[in-house]
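Student: Right, I'll just put the structure down here and ask away after.
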């Protein structure tokens, strides 16, 4: 069984936000109303986060990073879910069963990365959004928590395709949308259990770090520091 | 290929169960509207089609995911040499414009101030009659055409109308102007295979440039090869993140900085003596002028840029093997824009333009011609003001009312023109003023082609309709060509419509047989040597097959072009450089105490046209956590002085008015600047989000190109 | 109202408490079985169940004790 | 002694059941209107979604959870206090216990509903039963609140049986109702004995359950990794806070009923003084816990913790924090430690202060932590919406309505306990006292007192 993980190279990242858009469109994430967005209810599974500012002006650089779900190996969200709506799959993906979620938001309160988003209400979506929904992904109703699933629908598609072709899933068959669209290939995705995969190699780099690793959540989305 | 049909049955089951359980009047799982009819009728066949993005000058290859012949998603084409599978937010959401409810569904005519639907024949009749009556200087054409073929057609069209009043806004076109007037040639690309240093004057390489996606990769490659980038810009944009160092300076001082750098190099004597002797006319007087007036200390006094930075950067520039001092259109966004460009040209000349490359042979017909023609044209939209002769104004996709600080005057000028025809597929600020709209197809419904040399290789990308036009829209190219036929404007028209026109223009590419279609990765090894021996990389028996293959694969490119060093002949006079005698020569000096409004652009919006898009509008301020509203960025130290708290509402006062925005502390902002993003404040959305900062900017333009200055407005914060 | 009727109603109200205790027991057993099926937090489920079931049974027992003591015929 | 002749001297305790003033109806109608408004708010929220509230990201828990913790805290008034007082044989408890237990019952029902109000999908509440996951503190909480509710209702009901029997014997419209509830109690020694034994078991059992309830509520927060929540002290801290607010709420209820129903003869100043002393002790205990909690945070100076800390001390929540310090620390301690101000009005003021302060404390515990996540997201200020305020008002009015309803059905002060105190305890206490004193060993007396206890 593979263990999917992701390495984001901040040295390559240009903060173009293509991953943010791709994630939003691929997963049919709701566009909330103006009021809701301004009240902090905008829904982004992938978001640019400015962690800190390195250096003194003018030799200052923001440490900006694309932040999706860290897909922790020891996720604190699944521990507290009272109904098993969020759970860890054998391949390491922390997924969310939307029809099972009761909307208690305990997982949101316990996520140290604040990555989960809640459907506070359901607004009528712009027509152009609805028409370009990804048909493989369900649209979540109001009152449930949702999160990045490493585009699990793509894994489903890829494994179905591989099954039809009587072969095993190969590296590169399945990548999340953010990985696919990244213009500078800053995001590497693959099997962390495979010692030869790109992502494993990248994770051994001296620049590798994980967000809030000290909490023991063992994030499977990690970063490569920018070279200065 | 059947895809996830099972998922759909599951989805349907889930939604039925949802209705049964009754989730408070809402299904547990809601099936997308677009999917429901297809779910019942369609076989759910997934196909992919290749096309090209025309949202910005980048021309990225696109892969469109079609479900039952309806496009639903867009991704990058991995075989395109420009984007190699990557795609930017604008490209990703471009498909939303296809389904946008605000799209114009038929030609419109303004009657008593209100638009009414008319038939194409009626609209065409009005236009053709008006042009018959008002040929020559009574007709003007304003276009924003990222397709150079379209640009060229428009140019041909106005030429045959005998009108000089044409402004074709392509990203490169304005940049060509300084080259045209100071040199005899224009570089095709930065030669990243050799270049090891880029001194970047204000260009947002990875965001808004000739090809943001290509530059993103190229910049990373350059850095991984230990090359470096020095950026002079008024804001630490994501492009400037990659540079070391970033030197904050306002665009109006680029000129002084560039000449200051030149001064150091001249002093050190480290310039390319052979080149300047041969190709730099009147180098002696140039040298004298620079050495006298632009010593680093003088420049520091004037611009606030530390002289040690100037000296260090200049020495780096002098010692690099193939340095490039790069500028693009953004350098012109200043009252002395063209002079900035001249200064950078002069700086480049000192190192013999050694980082720039030039294609030896050009098989692409459109590209060069448009650039040169645009260069010779001196007409720009500001000339609309006070032009009483004008009887017909044609507007193709340009939203210059939104982009110009003098929009009020332009509005007045346009209201005096009897017939204003817009070809925009949407109502926007400019189209609102038109009397007649003949909407163009959406990008996913039409044929077009673009050529580009930014990658160092000639690339022709083809845009093809992935879906039949939804509405009664017409390709503007077809309109222009049939006008030319009907008005007997051009004697010899070998083409009946725009597709014929494209085919005719692509014949040379077919004929010379070099290069390859975007059907495979860049060949290496045996294929490369075979190609060099004269083998064709992609086989096609006749032109029709070539054309079909072009449409299928999305374009053609030459992976092994013949490239030469760019070496133009320069003739820069002292007055060109210093602007003596011109109105803007009375230069301000850098003043650290006054605040300047610096309008910056983001890669989510190109020329203020993309924020019709719901997803992009929401995402516009996401990294600052501001939604649907304009914000200003302010240095925390400045904010402390003005006692402006983080994320508090402030009133920003300029000479032209004031607006309220959320102030956000950002330590990367230049202490004397107030940064405000450009793109919001459209009136065409249902609700107006934020403000258009350019409405508050002073009327300051670069004289030669008519580019508005975006950072010379003094501002007060309350 | 006859004594028998009153007694029946009283018995029914008391049975609610037992219903609760049995319901809670059934529920916890169900949860433990599920936890065992999906191999997720089995021990935690087991211990919490044991604790909770005991509490509810004791409470129901105490109430029943009171009920039957009060209704016991005086010897 | 027969129970029939109990009635005359404690007639005032029966009066609220048989006499209803006009003011009562006016108040009921007003409160019902408030309650209906809150109900309307909830129905709106049900259809619109939780967007009707002021919650956002990252402040994803707010008013409802604050109220939940607060109400459950108040519920400790009752059962815990009455059980502890009973256990410690504090004789002055007799007029107090009933009211305390009623508070528990009503407030638990209201507080227990709050997490359901807070759910995004209340229609899926059955998922908890179908596929619950016992590792989640939320299920522990559900279990313990249910257990506490059951236990405290039984603990309220069982000592009330003799009083119900009295009411039954008085006849009246609700004769059958009381007959059913009296469980055939006739006051025989055997019945008395069974009842006392049950009460003894219950009061021993109810204390750990009550402690566990609030500990588990604290663990909902304490089990997370969030700065400001992840603290070992949280369990006992919440329990102390709960007792604190519980006593204060009890004082308020007692003063109110003393005034309305003229219980001056039963709820004497001495009761309030004792409760005041208890309140003072718990106030100091609470202060000690608060101090320990904040000092360790401050001394450790971990960045994420400090952000929350500073948000409370000098940031956006400073007004609430310092108001809490005033209400929970300065006000009660100044009032209660001064003999001049330790009067009934003084104690009432202190109690009201404490109730407000404890609500603020819950607010300060929950929101600043959520508003300052570990990663640097900018966040705005949380402002509750009308829906949330409406539901909070409805919850409060439901509490008062519940109390009013109870007062119309059952005596608010335990009649038989008062009687028992009057008849047996004076002798028993003097015997006990004699036991405590040196040199007065009296085997028979010890035996008697031990017998009386069982």
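Values in this text are rule-based calculations from the coordinates and carry no lab data. As the structure is a computational prediction, the values presented were derived from the model and not from experiment. Virtual Cβ from ideal backbone geometry, glycine too; neighbours counted across all protein chains shown.
Student: Could you give the angle, 0 to 90 degrees to the nearest 10, between helix D:443-453's Cα long axis and the longest principal axis of the Cα atoms of chain D?
Tutor: With rounding to tens, the tilt is 60 degrees.
Student: Can you compute the modelled spin-label distance between residue B:119 and residue B:571, with each label point 7 Å from Cα toward Cβ, in nm?
Tutor: My value for the distance between the label points is 5.8 nm.
Student: Grab the Cα-Cα distance for residue B:297 and residue B:703, subtract it from 0.36 nm times how many residues apart they are, and report the gain in nm with one decimal. List each step's numbers first, then the result.
Tutor: Values: separation 406, 0.36 × 406 = 146.16 nm, distance 2.86 nm.
Extra length from residue B:297 to residue B:703 when fully extended: 143.3 nm.
Student: Nearest 10 degrees is fine. How inclined is helix B:120-133 to the longest principal axis of chain B, computing both from alpha carbons?
Tutor: Taking the Cα atoms of chain B, the angle to B:120-133 is about 40 degrees.
Student: Sorted from fewest to most neighbouring beta carbons within 10 Å, what does the list B:272, A:173, B:188 look like?
Tutor: Values: B:272 19, A:173 15, B:188 25.
Final ranking by Cβ density, sparse to dense: A:173, B:272, B:188.
Student: OK, next. Nearest 5 is fine: what % of DSSP beta bridges in segment B:192-354 come out antiparallel, could you say?
Tutor: Values: 1 of 13 bridges.
Just about 10 percent of them are antiparallel.
Student: Fewest Cβ neighbours within 10 Å first, please rank B:638, B:313 accordingly. Spell out each step's value before the answer.
Tutor: Details: B:638 18, B:313 22.
Least to most surrounded, the residues fall as B:638, B:313.
Student: In whole Å, how far is the Cα centre of segment B:602-643 from that of segment B:104-131?
Tutor: With segment B:602-643 and segment B:104-131 each reduced to a Cα centre, they are spaced 37 Å.
Student: What 222 nm value per residue comes from the helices of chain D, counting each DSSP H run with n ≥ 4 as -39,500 (n - 2.57) and dividing by all residues, nearest 500 deg cm²/dmol?
Tutor: Values: 20 runs with 320 residues, N = 454.
Taking each H run of at least 4 residues, the total per residue is -23500 deg cm²/dmol.
Student: Quote to one decimal, in nm, the extra length available between residue B:244 and residue B:491 on full extension: 0.36 nm per residue of separation minus the C-alpha distance between them.
Tutor: Details: separation 247, 0.36 × 247 = 88.92 nm, distance 5.65 nm.
Contour length minus the Cα-Cα distance gives 83.3 nm.
Student: Neighbouring Cβ atoms within 10 Å as the yardstick, rank B:542, A:191 fewest first. Intermediate results must be reported in sequence, preceding the final value.
Tutor: On the way: B:542 9, A:191 21.
Sorted ascending by nearby Cβ count, the order is B:542, A:191.
Student: Given R₀ = 51 Å, what would the calculated FRET efficiency be for residue A:63 paired with residue B:66, taking r from the Cβ atoms and rounding to 0.05? Spell out each step's value before the answer.
Tutor: Details: r = 40 Å, r/R0 = 0.78.
With R0 = 51 Å, the Cβ-Cβ based efficiency is 0.80.
Student: Return the distance in nm (one decimal) between the two label points of a simple spin-label model at residue C:72 and residue D:426, each offset 7 Å from Cα along Cα→Cβ.
Tutor: With each label point 7 Å from Cα toward Cβ, the separation is 3.3 nm.
Student: Equivalent ellipsoid semi-axes for segment B:121-250, as square roots of 5 times the alpha carbon gyration tensor eigenvalues: give them largest first, rounded to whole Å.
Tutor: Working: eigenvalues 332, 44, 38 Å².
The answer is 41, 15, 14 Å, longest axis first.
Student: Additional query: Can you give me the distance in nm between label points at residue D:404 and residue B:112, each placed 7 Å from the Cα along the Cα-to-Cβ direction?
Tutor: Label at residue D:404, label at residue B:112, 6.3 nm between them.
Student: Continuing with this model, one more query. Averaging sequence separations of C-alpha pairs under 8 Å and six or more residues apart, then dividing by the length of chain B, give the relative contact order as a whole percent. Don't jump to the answer; show the numbers that get you there.
Tutor: Numbers: 1487 pairs, mean separation 120.3, N = 718.
It comes to 17 percent, rounded to a whole number.
Student: Measure nothing fancy, just the Cα-based angle from helix B:89-98's long axis to the longest principal axis of chain B, in degrees from 0 to 90, nearest 10.
Tutor: Helix B:89-98 sits roughly 40 degrees off the main axis of chain B.
Student: Now, a different point. Within segment B:589-717, what percent of beta bridges assigned by DSSP are antiparallel, to the nearest 5?
Tutor: Details: 15 of 25 bridges.
Roughly 60 percent of the beta bridges in segment B:589-717 run antiparallel, per DSSP.
Student: Assuming 0.36 nm per residue, please report the length gained on full extension of the stretch residue D:177 to residue D:310 beyond their Cα-Cα distance.
Tutor: Numbers: separation 133, 0.36 × 133 = 47.88 nm, distance 5.70 nm.
So the extension gain works out to 42.2 nm.
Student: Under the definition of partner shielding as Cβ atoms of other protein chains within 10 Å of a residue Cβ, what is the mean value for peptide D:110-121?
Tutor: Mean number of neighbouring Cβ atoms from other chains: 4.
Student: Turning to a different aspect of this structure: Pull up the DSSP beta bridges for the protein assembly as shown and report the antiparallel fraction as a percent, rounded to 5.
Tutor: Details: 72 of 114 bridges.
Here the share of antiparallel DSSP bridges comes out near 65 percent.
Student: Rounded to the nearest 0.05, what FRET efficiency is calculated for residue A:163 and residue B:226 with R0 set to 41 Å and r the Cβ-Cβ distance? Walk me through the numbers on the way to the answer.
Tutor: On the way: r = 46 Å, r/R0 = 1.13.
So, using R0 = 41 Å, E works out to roughly 0.30.
Student: By its C-alpha gyration tensor, with a ≥ b ≥ c as the square roots of the eigenvalues, how is chain A shaped: rounded for a/c under 1.5, else prolate for a/b larger than b/c, else oblate? It would help to have the intermediate numbers written out before the result.
Tutor: Working: a/c = 1.39, a/b = 1.10, b/c = 1.27.
Rounded.
Student: Then there's this: Is it possible to state the helix-based mean residue ellipticity at 222 nm for chain B, with each DSSP H run of 4+ residues giving -39500 (n - 2.57), the sum divided by total residues, to the nearest 500 deg cm²/dmol? What is it? Kindly include the intermediate steps, with their values, before the conclusion.
Tutor: On the way: 24 runs with 245 residues, N = 718.
It lands at -10000 deg cm²/dmol.
Student: Right, next: Using Cα-Cα distances under 8 Å and only pairs 6 or more residues apart, what relative contact order does chain D have, in percent?
Tutor: Working: 565 pairs, mean separation 129.4, N = 454.
Relative contact order here is 29 percent.
Student: With the Cα gyration tensor of the protein assembly as shown giving a ≥ b ≥ c as the square roots of its eigenvalues, does the rule (a/c under 1.5 for rounded; else a/b larger than b/c for prolate; else oblate) give rounded, prolate or oblate?
Tutor: Working: a/c = 2.59, a/b = 2.25, b/c = 1.15.
It comes out prolate by the Cα gyration axes.
Student: Suppose only helical runs count, i.e. DSSP H with n ≥ 4. What mean residue ellipticity at 222 nm does that imply for chain A under -39500 (n - 2.57) per run, divided by all residues and rounded to the nearest 500 deg cm²/dmol? The partial results should precede the final answer.
Tutor: Details: 7 runs with 48 residues, N = 228.
Mean residue ellipticity, 222 nm, calculated: -5000 deg cm²/dmol.
Student: Work out the FRET efficiency for residue A:198 and residue B:273 from their Cβ-Cβ distance, taking R0 = 30 Å, and round it to the nearest 0.05. All intermediate terms of the calculation are to be shown ahead of the outcome.
Tutor: Numbers: r = 48 Å, r/R0 = 1.61.
Once rounded, the FRET efficiency stands at 0.05.
Student: In whole Å, what is the distance between the alpha-carbon centres of segment B:387-464 and segment C:17-58?
Tutor: Computed from Cα coordinates, the inter-centre distance equals 70 Å.
Student: For peptide C:49-60, what's the mean number of Cβ atoms from other chains within 10 Å of each residue's Cβ?
Tutor: On the way: counts 2, 0, 5, 8, 1, 0, 11, 5, 0, 5, 11, 2.
Shielding by partners across C:49-60 averages 4.
Student: Considering only C-alpha atoms, what is the centroid distance from segment D:359-415 to segment A:71-94, in Å?
Tutor: 31
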